[in-house]
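A short worksheet on the structure shown next.
Here, each number is a calculation from the coordinates, and none is a lab measurement. Computed from a predicted model, the values in this text were never measured in an experiment. All Cβ positions, glycine included, derive from the backbone under ideal geometry; neighbour counts span all protein chains shown.
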Amino acid sequence: MILRFPQQSDNPVTIARSLRKHLESPFLSIQVDGDLLPIPWESIKYLQISPAPTALPEPTIIGAELVD
């Protein structure tokens, strides 16, 4: 499943707090086309956020490159 959505805030601190809250929750909750879509973290293989927020959760390995 691929979802696109607008940036939720321009404030890097707000983005970091929101990301931390999502990571601490048992579900990733997303509003999609007027519906609430709670996705259990156990069902998610990986999550790509692009562009990456300027404030990253700790610990985060930085500077990696995807190799095909």
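3J(HN,Hα) along the stretch 32-41, derived from phi through the Karplus expression 6.51 cos²θ - 1.76 cosθ + 1.60 where θ = phi - 60°, amounts to 10, 6, x, 10, 8, 10, x, 10, x, 4 Hz, with x in place of Gly and Pro. Once the Cα atoms are used to define both axes, helix 12-24 deviates from the longest principal axis of the chain by about 60 degrees.
Please report, in whole Å³, the volume per residue of the convex hull around the C-alpha atoms of the chain.
126
The charge dipole of the chain, taken about its Cα centre with unit charges on the Cβ atoms of Lys, Arg (+1), Asp and Glu (-1) only, comes to about 160 debye. Can you figure out the FRET efficiency of T60 with V32, using R₀ = 30 Å and their beta-carbon distance, to the nearest 0.05? That pair, T60 with V32, gives E of 0.65.
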